[in-house]
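The values are calculated or read from the model by the stated rules, or taken from the named source; none is laboratory data. Given the structure is predicted, the values throughout are model-derived calculations rather than measurements. Please note: Cβ atoms are built from the backbone with ideal geometry, for glycine as well, and neighbour counts cover all protein chains shown.
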Amino acid sequence: MKLTLLDRIGDLNPQMWREIKGRFKPRNVIIAAIISLLGQFMMLMIAMGSLPTDDRYLSPDNKIYNKYCTGVSQECLQDSLGNFVVNWQFWWIEIFTVLSVIGIFILLIAGTYMLISDLAKEEKNGTLNFIRLSPRSSQSILLGKILGVPFLLYVFVISALPLHFWAGISAGIPLIAILIYWAVIIASCFFFYSGSLLFGLFSSGFSGFQPWLGSSLALMFLWTTCFIPISNTPADWITMFSPYRILPYVVNTSLVQDSFSFSYLYLNDWQWFYLALGNNAVAAISFSLFNYALWSYWIWQGLQRRFHNPSKTILSKSQSYLLVSCIEVMALGFALQVSRFSYSPENNLFILLVLNQLLFLGLMAALSPQRQALQDWARYRRERMTNRWGFWSRDLIKDLIWAENSPAILAIAINLLNSLIILSVWIVLSPNKLNLMSIIAMLAVTMTLTLIYATILQLMLLMRAKRRMQWAAGVIIALVVLPPIFLSILSLSPAKAPLFWLFTAFPWAVVKDASIGTIFTAFICQLGIFALLNGQLNRQLKVIGESATKALLREV
Amino acid sequence: MSKELAICTRGLTKQFDRYIAVNDVDLEIKAGEVYGLIGPNGAGKTTLIRMLAAAEEPSIGEIYINGDRLMRDQSNPTLKQRLGYLPDDFPLYDDLTVWDYLDYFARLYRLREPRRSHRLYEVLELVQLTNKRNSPINTLSRGMKQRLSLARTIIHEPILLLLDEPVSGLDPIARMQFREIIKTLQEAGMTILISSHVLSDLAELCTSVGIMELGYLVESASLAELYRRLSRQQIIISTLGKLEALLSELKNYPLVEGYEVLSGTNQVRVDFGGTPEDCARLLRSLVKAGIPLNEFHCTQEDLESIFLKMGHKQAS
């Protein structure tokens, strides 16, 4: 029966069949299940240990207190047989919660690691090429990977399911709530695993350590989101990707009073475009599922492109315009409310700008073509084009806005304008006390800075060096991170040296301190730098795009 | 685009930096042919085959397989169903057994039971790995792995096979087995593109040959035509009597273009410009002249000497 089931899976999704087949060694499966069961057993033992015991001789008032007891101020009462009256629901709810949290961490971190390392290994060995050549769709192959690669992890988690359900039901959580919780976990796994696959496909150049990098990023993310409360800033959107956000809603369906406390998360304040998501479990969970679905969809857009053709950029230029609008609208929804932690309304604008900066760094990586692609574009463009016009021909503009493999700078500029429109919605809607002029100047500075980074990245990707991707990533990260650190070491605070800060990745730090004149000076300087860099880029593109004959004649 | 052409490329070019690996190649291979691709290392053979297998993106140019444009995305599953590609480094999965490995690829190519098992046995039989079907792949020898890779390449009965150096690193017996397999596949009607350095193998297998040099396809013709154009007729003659007598006879014969005495023997290799009838006439005249011949056989220059004669030694 088992084999025929596996067989049927194999006909439906051969990739999943292959992954399971490679891992379905009875010994491994049994070990995974036993480790899981042992872990659960130990956890139960520890939980048992915290039940009340008869140690009244230790306490001064000859009474026993325990958090699971039902008496006044948790004093332990005994029934006629001398057994303690224990609030078992409360005890089970703690087990349910702990199991859930451990489950989230194990599923997301170990799964991320497995998928990234599996894909990186296949890409390195070259076996992925054969799968690419098969008539199966990329969706089917990659879904097979997601379902099959963490097979032993699934065995591990499934072995813990009975206890999880039992604990939940004993705690008074309705079955449907537990099932919904698992639906959210599955959606979050799908999102994280899709992201891992994309990371694995994208980063196969970072030999060896990318599984560690990917899974430790996941760990850091999950860990921090366990502690960050709802702040009514765009950060709420980021923390929403952690399934831990949904756990309180599930736990609270149990009617145990004063149960495990999630009050520090301030979930009730959770809002999006003034819609109160946090007050309503159904709204919160639906929105969370929608969020996972939307961003999984975008990840799969990249996956489909990269899987069949690893030399393509992750996103096409036209996709990027839509994606940026999507992200900006999503983030704007969280930025409109007044932040709980800051009295100044522009706080949210700054957070939006930080997010934007990160978004555009990611966008640069996703849009900038590699040297080979750029060369093909520069060298053979004239042969693809029908009519030859000068440098500023309409064909060129069209190419820079829509075509594959063309430099991404114009596309990034368009995306910046796109984000600017949405930022201006915030400026119009919010009761800001800031000088409108300085905000506009600041946005202009931010835009040119981003474009400068994009040009530098493109220039770095044109290098001959073999590890240009790593170099490019390193230089951009250094450009973003190092200047503020240096300025801080030199104790040049934004108030003291606003002009310097305008050249870091965080120019809005000086929005209050800098005069319009200073900002304008910085803007003009940056435009100059931008023009110089683009001149250089243009020159380099012309050089790598020239024909062999021309190169030969030049050397002579 | 003609339907009879299994492969047709138009202006196919691949440039890596300044280095043009494949330069404006118009390759045409008719259906049912075994096409040998020869050329020195670095001439662009592997890049060309990789582009034909959609494993590499051309800088510019078009590829048509059976008249359909080959693109590097998922728009053409039927086209992929027709292609089989064996790269020179043939990576495998070490965690699977031989059977599971082939089963996996058979499933990827949508082969259903009971056809699948049947085909698996058929292919295993062909590559002589039937008795190894339950062995893990990491226990196989190099030759076996190569044959397993070939089995993987043909499991879905492609009509076009692209084989990149399939016999490199194999011992003579394994090479012979490989040749036999290729012949069987050709008889089954597959079009096969094969690149190799072992020219004697190609001479035996191929119906057409293409020669690549510096990224260009400098020659592409049927083997018969290549022999006709470039290979000289040679006759090996040996005598039991005096060599001088034979040589003086040969000097007087007008169709003899040159000769070479094979050192240490009484054998002469004669470059001959005539037809087979002229050959017979030469034999008759030598016998009439009373020269005690004990060997006289007509032969042709082989592919290797043609290749060397053409002077295609430069890498790109």
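Figures for the structure shown
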| read-out | value |
| --- | --- |
| Yes/no for B:P114 being over 21 Å from B:A55 (Cβ atoms) and more than 14 Å from every other protein chain (Cβ to nearest Cβ) | no |
| Residues within region A:436-480 that are surrounded by fewer than 16 Cβ atoms within 10 Å (Cβ to Cβ), touching a residue at least 24 places away in the same chain (Cβ under 8 Å) and either within 22 Å of A:F520 (Cα to Cα) or aliphatic (A, V, I, L, M) (or both), tallied | 2 |
| Any hit, region A:465-487, residues being basic (K, R), modelled with pLDDT under 90 and in contact with a Leu (Cβ under 8 Å, 6 or more places away or on another chain) | yes |
| Subset of region A:54-105 [crowded, with 19+ Cβ neighbours inside 10 Å, of a type in the set (S, T, Y) and free of Cβ contacts under 8 Å to residues at least 60 places away in the same chain] | A:Y68 |
| The listed residue being in contact with a strand residue (DSSP E or B) (Cβ under 7 Å, 6 or more places away or on another chain) and either modelled with pLDDT of 95 or more or within 14 Å of chain B (Cβ to nearest Cβ) (or both), out of A:L133, A:L153, A:L142 | A:L133 |
| Residues of region A:164-217 that turn out to be hydrophobic (A, V, I, L, M, F, W, C), more than 26 Å from A:N291 (Cα to Cα), in contact (Cβ under 8 Å) with a residue 12 or more places away in the chain and assigned to a loop (DSSP other than H, G, I, E, B), as a count | 2 |
| Per-region count, region A:410-463, residues part of a loop (DSSP other than H, G, I, E, B) and of a type in the set (S, T, Y) | 1 |
| Spans of strands (runs of 3 or more DSSP E) in region B:1-97 with at least 1 residues more than 8 Å from chain A (Cβ to nearest Cβ) and under 17 Å from the mean Cα position of the chain (by Cα) | B:5-16, B:28-30, B:34-38, B:83-86 |
| Of the criteria (1) within 30 Å of A:K466 (Cα to Cα); (2) at pLDDT 85 or above, which one A:F202 fails | (2) |
| Residue identified as closer than 30 Å to A:R132 by Cα and more than 14 Å from chain B (Cβ to nearest Cβ) among A:V29, A:V72, A:V86 | A:V29 |
| Any chance A:F341 is at pLDDT below 90 and touching a Phe, Trp or Tyr at 6+ places or on another chain (Cβ under 6 Å) | no |
| Matching option when the condition is assigned by TED's automatic domain parsing to the domain that holds A:A472 and at pLDDT 90 or above, among A:L363, A:L434 | A:L363 |
| Residue match in region A:76-98 (condition: under 34 Å from the mean Cα position of the chain (by Cα), assigned to a helix (DSSP H, G or I), closer than 30 Å to A:F199 by Cα and in the same structural domain as A:L143 (by TED's automatic domain parsing)) | yes |
| Residue match in region A:493-513 (condition: in contact (Cβ under 8 Å) with a residue 12 or more places away in the chain, within 14 Å of another protein chain (Cβ to nearest Cβ) and either surrounded by 19 or more Cβ atoms within 10 Å (Cβ to Cβ) or in contact with a Lys or Arg (Cβ under 6 Å, 6 or more places away or on another chain) (or both)) | no |
| Residue match in region B:130-149 (condition: crowded, with 21+ Cβ neighbours inside 10 Å and away from every other protein chain (no Cβ under 13 Å)) | yes |
| Some residue of region B:195-217 being among the charged types (D, E, K, R) and crowded, with 20+ Cβ neighbours inside 10 Å | yes |
